[in-house]
Amino acid sequence: MDQLKKVAISLEEVQIEKLDEIVSQSQGYSRSALVREAVDYYLGYLAQQENVNYLSPLINQSIKLTLARFEDNLSEMLFKLAVEITKSNILTAYNSELNDEALDYLNRVSKRIVAENNGAIDLEKSQDYLYENDLFGDE
């Protein structure tokens, strides 16, 4: 055990009463042992506060960096997807020989379907919508 050094401390009467109450309920504690443990606990608490003040900005910076990387990756994927969709749309329009009026109508219907599904792509709902509204003119 470390060598102990006596020091004088001043406590309020209420603090001494609470200290004695805890000592009486705990086996093996003396006032000195309880005060030493309380001091160790509080010193640990203060050290933790310093660590939190040090770590908090590092964690914040790490999260920002991770989100920035995610945003860059997502933007790149969306760009590539937009290129592929555009290629598909150009080929479809060319092969279908759609005129400007038909393309405009297709654009309006597509926007309505996406808006009604809150941007979620659901092919079954889109197909149902097209047939319910006879957009192909089959009926």
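The values are calculated or read from the model by the stated rules, or taken from the named source; none is laboratory data. Bear in mind that the values here come from a model prediction, so they are computed numbers and not experimental data. Glycine also receives a Cβ, built like all others from the backbone with ideal geometry; neighbour counts cover every protein chain displayed.
Give the residue that is nearest to residue 86 (Cα to Cα), with candidates limited to residues of the range 98-127 that are acidic (Asp, Glu) and at pLDDT below 75. Looking at the filtered set, the residue picked out is 122.
Quick grid of which residues meet (1) loosely packed, with under 10 Cβ neighbours inside 10 Å; (2) among the hydroxyl-bearing types (Ser, Thr, Tyr); (3) assigned to a helix (DSSP H, G or I); (4) touching a residue at least 24 places away in the same chain (Cβ under 8 Å):
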site	(1), (2), (3), (4)
72	no, no, yes, no
83	no, no, yes, no
95	yes, no, yes, no
98	no, no, no, no
109	no, no, yes, yes
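One line per residue, one yes/no per condition, for (1) among the acidic types (Asp, Glu); (2) within 30 Å of residue 107 (Cα to Cα):
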residue: 16; (1), (2): no, no
residue: 21; (1), (2): yes, no
residue: 33; (1), (2): no, no
residue: 46; (1), (2): no, no
residue: 53; (1), (2): no, no
residue: 58; (1), (2): no, no
residue: 72; (1), (2): yes, yes
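Go through the range 56-87 residue by residue and tally those that are closer than 30 Å to residue 103 by Cα and under 17 Å from the mean Cα position of the chain (by Cα). Can you show your working first?
Step one: filter the range 56-87 for residues closer than 30 Å to residue 103 by Cα, giving 74-87.
Then drop every residue that is not under 17 Å from the mean Cα position of the chain (by Cα), which leaves 74.
Within the range 56-87, residues that are closer than 30 Å to residue 103 by Cα and under 17 Å from the mean Cα position of the chain (by Cα) number 1.
Every condition in (1) modelled with pLDDT under 85; (2) farther than 20 Å from residue 4 by Cα; (3) surrounded by 10 or more Cβ atoms within 10 Å (Cβ to Cβ) holds for residue 53 except the one numbered (3).
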